[in-house]
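Below you'll find the structure, written out as structure tokens, and then a few comments.
The values are calculated or read from the model by the stated rules, or taken from the named source; none is laboratory data. Treat the numbers as computed from the prediction; the structure is a model and nothing was measured. FYI the Cβ positions are ideal-geometry reconstructions off the backbone, even for glycines, and counts take in every protein chain you see. Only protein heavy atoms, including side chains, enter the accessible area calculation; ligands, DNA and RNA are left aside. Shrake-Rupley method; radii C 1.70, N 1.55, O 1.52, S 1.80 Å.
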Amino acid sequence: MIYTTRPSLPEYEDYCNLLRDLWDSRCVTNNGKFLLQFEDRLKDYLRVSNLISTNNGTNALMIALELLEMDEGDEVITTPFTFVATVSSIVWQRYRPVFADIDPHTFNISPESINEKISDRSKAILPVHVFGNPCDVESIDEIGKEHSLKIIYDASHTFGVRLLDKELYAYGNVSTLSFHATKVFHTIEGGAIIGPEKNLIDRARMISIFGMNDDDDRTINEVGINAKMNEFQAIMGLLNLKDLHERHSHREDLYNRYLNELNGLGLQFQQLSPDLLEYNYIYFPILLRDVKETEFLIEELKKAEILPKRYFYPLISDMEPFRIFYSDTPVASSVSKRIVCLPLHGSLSLEDQSKVIEIIRCNL
Ligand SMILES: Cc1ncc(COP(=O)(O)O)c(C=O)c1O
């Protein structure tokens, strides 16, 4: 089988060597030494000062939403073209998601559509940097300022992405990342919250440990949750931070090869932000002409034991629990029905990629 994503794993012996240390110390969670090392290295790598790790990206989003101190029923403008956790965390917090449409080329939330969705109850915007492609952060910033809206970026896909003039995570009140096993960088399950305001990220840490301070488990400052990353995850993270460079360049080669080899077949590719300094080549989405062609191609790929992913289909606003928040987003609806993400991961061989390319070339 050729999968769309596969977790990259460090050498088995390297993981076991660090586990030995863990066994001896018996300190397996609660801000252990590996977690502290991991957070320090992560801050260096991402060039940020304010960061906390979490046990997954969904809890990072939930805490980010908690930080903004909104009231039940307040509206959060977001995209329906995303993974379910972006929207379920809004609803779980008892806020109301309001769906804006996306740009047909970048697949990110459209600033014009955000403007159209603003109402008296709007309190925040929750854009997603879809497939690691940075949103139009300047325009979204202006909208936020003009209408006094808070901004949380779902930056789950952006590990290793950098902008030319300013760090990506300097935009918005907070950004959340996912380090799930299928991402370019992972800690098995995991995530992080990053933001320009130190106080806000300090508060995020407190909320992530039941509302306590790090050094005082008797005083509960506010209602919190348990979103701590454990030592097994932190060790995976420390080791996976090591050979990022090689994996990154392999992904870049695969990505560019797809672009060259699939050119001229009538496919649309994602338009990346012109402000990118570094991209992470996390997914390779292709947009087909219509639903029939999309479903036909998926079937042909499956017959050859290739498992592409329909990221993101169906739209969140078409999923049963979220239909009550439905609003018409024609571009997102059309893109969602025609998108396919092709296999792209650190251990995908050129030979396997050639198979994928050949099936596509023969069937379009
Ligand atoms: C856009 C987006 N948001 C949120 C999440 C949730 O992250 P996690 O799976 O780490 O909880 C994911 C991950 O899968 C995602 O792709």
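Take the residues in the stretch 305-327 that are without any contact (Cβ under 8 Å) to a residue 40 or more places away in the chain and out of contact with any helix residue (DSSP H, G or I) (no Cβ under 9 Å at 6 or more places or on another chain), then tell me which one is surrounded by the fewest Cβ atoms within 10 Å (Cβ to Cβ). Once the filter is applied, the top-ranked residue is E320. Among the numbered conditions (1) part of a loop (DSSP other than H, G, I, E, B); (2) closer than 28 Å to D136 by Cβ; (3) in contact (Cβ under 8 Å) with a residue 12 or more places away in the chain; (4) under 20 Å from the mean Cα position of the chain (by Cα), the only one that K166 does not meet is (3). I'm trying to understand the selection: among the residues of the stretch 1-25, which are over 18 Å from H180 (Cα atoms), of a type outside the set (A, V, I, L, M) and surrounded by 13 or more Cβ atoms within 10 Å (Cβ to Cβ)? Those that are over 18 Å from H180 (Cα atoms), of a type outside the set (A, V, I, L, M) and surrounded by 13 or more Cβ atoms within 10 Å (Cβ to Cβ): D14, D21.
Find the strands (runs of 3 or more DSSP E) located wholly in the stretch 175-283 whose residues include 1 or more that are open to solvent by 50 Å² or more (accessible area, probe 1.4 Å), touching a residue at least 12 places away in the same chain (Cβ under 8 Å) and away from the ligand (no atom under 16 Å from the Cβ), and list them. Ranges flagged: 276-278.
Looking across the stretch 68-83, just one residue is farther than 16 Å from I114 by Cβ and within 14 Å of the ligand (Cβ to nearest atom), and that is F83.
Would you confirm whether any residue within the stretch 70-83 is crowded, with 23+ Cβ neighbours inside 10 Å, touching a residue at least 40 places away in the same chain (Cβ under 8 Å) and at positive phi? Within the stretch 70-83, none of the residues are crowded, with 23+ Cβ neighbours inside 10 Å, touching a residue at least 40 places away in the same chain (Cβ under 8 Å) and at positive phi.
Counting the residues of the stretch 335-364 that are open to solvent by less than 60 Å² (accessible area, probe 1.4 Å), modelled with pLDDT of 95 or more and not hydroxyl-bearing (S, T, Y) gives 17. The single condition among (1) open to solvent by less than 50 Å² (accessible area, probe 1.4 Å); (2) over 30 Å from R94 (Cβ atoms); (3) assigned to a loop (DSSP other than H, G, I, E, B) that E293 does not satisfy is (3). Against the conditions (1) under 16 Å from the mean Cα position of the chain (by Cα); (2) outside any helix (DSSP H, G or I), F131 satisfies every one except (2).
Checking the structure you have, find out if any residue of the stretch 148-165 is at pLDDT below 95, outside the structural domain of Y279 (by TED's automatic domain parsing) and open to solvent by 10 Å² or more (accessible area, probe 1.4 Å). Looking for residues that are at pLDDT below 95, outside the structural domain of Y279 (by TED's automatic domain parsing) and open to solvent by 10 Å² or more (accessible area, probe 1.4 Å), one finds at least one in the stretch 148-165, hence yes. Among residues that are within 30 Å of P308 (Cα to Cα), modelled with pLDDT of 95 or more and either assigned by TED's automatic domain parsing to the domain that holds Q270 or within 13 Å of the ligand (Cβ to nearest atom) (or both), T58 is included. Among the residues of the stretch 88-114, those that are over 24 Å from I286 (Cα atoms), open to solvent by less than 30 Å² (accessible area, probe 1.4 Å) and within 14 Å of the ligand (Cβ to nearest atom) comprise S89, I90, P97. Only residues that are in contact (Cβ under 8 Å) with a residue 24 or more places away in the chain, of a type in the set (G, A, S) and out of contact with any Leu (no Cβ under 9 Å at 6 or more places or on another chain) were counted across the stretch 9-50, and they come to 1.
Checked against (1) of a type in the set (S, T, Y); (2) assigned to a loop (DSSP other than H, G, I, E, B); (3) more than 26 Å from P80 (Cα to Cα), Y313 meets all criteria but (3).
The selection criterion, being without any contact (Cβ under 8 Å) to a residue 40 or more places away in the chain and within 16 Å of the ligand (Cβ to nearest atom), holds for Y153.
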